[in-house]
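**Q** The structure is given below, and queries will be raised subsequently.
The values are calculated or read from the model by the stated rules, or taken from the named source; none is laboratory data. Everything numeric in this text was worked out from a predicted model, so none of it was measured. Side chains included, ligands, DNA and RNA excluded: accessible areas come from the protein's heavy atoms. Shrake-Rupley method; radii C 1.70, N 1.55, O 1.52, S 1.80 Å.
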Amino acid sequence: MEQATRSRMSNPLELVPELGEVSVALFKAVGNGSVPPATIGLVGLRASQLAGNTYTLIRAARELRKLGESEDRIDALPSWWDAPYFTDAERAALALVVAVLGPARAAEKVPAELYAQAAEHYDPKALATLMI
């Protein structure tokens, strides 16, 4: 039996180059300085894990390594709530990405308690940045 050795779609921008402009604008908006780059990277990697997107997962992990993130933090991200490597602010950001991208368990995607917890660490601009 032959095993697949590559993702079905290695780079969506090869198929729809116009998305490159949108991607550049989005990355610029997210990099507005309201959230530390490492936190943005962790949120991006976790979002890629939740979405099951190989291309963005590999890209996000590479970016975190370029930022100097440890392999322990990158490897432990799937169990961030139990791992000792993340700050309270990072945990709040990661909880937000799970709430936004995960299946809705209630009428609200982001429960008031979770939003309040995240708001302890991030101002409104940073919260919007994280949820984008």
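**Q** Angle between the Cα long axis of helix 54-66 and the longest principal axis of the chain, 0 to 90 degrees, nearest 10?
**A** Here the helix axis deviates by roughly 70 degrees.
**Q** Enter the angle in degrees (range 0 to 90, nearest 10) between the Cα long axis of helix 37-51 and the first principal axis of the Cα atoms of the chain, meaning the one along which they spread out most.
**A** So the helix axis and the longest Cα principal axis differ by about 60 degrees.
**Q** Taking 0.36 nm per residue of separation and subtracting the Cα-Cα distance, what length does fully extending VAL98 through ILE58 add? Please list the in-between numbers first.
**A** Values: separation 40, 0.36 × 40 = 14.40 nm, distance 1.89 nm.
Full extension from VAL98 to ILE58 adds 12.5 nm.
**Q** Go ahead and set up a Gaussian network model of the chain, Cα springs under 10 Å, then flag whichever of PRO78, PRO36, PRO103 fluctuates most.
**A** Evaluated over the chain, the most mobile residue of the options is PRO103.
**Q** If I compute Rg and Dmax of the Cα atoms in Å from the structure I just sent, which labelled value in (1) 20.9, 57; (2) 15.7, 53; (3) 15.9, 50 lines up?
**A** (2)
**Q** Let me ask something else. Among all the lysines, which ones have a C-alpha under 22 Å from LYS66's C-alpha, if same-chain residues fewer than 8 places away are not counted?
**A** By straight Cα distance, LYS66 reaches LYS28.
**Q** Just to make sure I understand: if all protein chains stay in place, what is the order of THR87, THR56 by accessible area at 1.4 Å, largest first? All intermediate terms of the calculation are to be shown ahead of the outcome.
**A** Numbers: THR87 70, THR56 50 Å².
Largest accessible area first, the residues go THR87, THR56.
**Q** Accessible surface of ARG65 in the full protein assembly, 1.4 angstrom probe, to the nearest 10 Å²?
**A** 110
**Q** So, one more: Given a 1.4 Å probe and heavy atoms of the protein chains only, how would you sort PHE27, PHE86, largest accessible area at the top? Don't skip to the answer; put the middle values down first.
**A** On the way: PHE27 125, PHE86 15 Å².
Descending order: PHE27, PHE86.
**Q** Just how far, in whole angstrom, is segment 83-132 from segment 32-62 if you go by their alpha carbon centroids?
**A** Result: 15 Å between the Cα centres.
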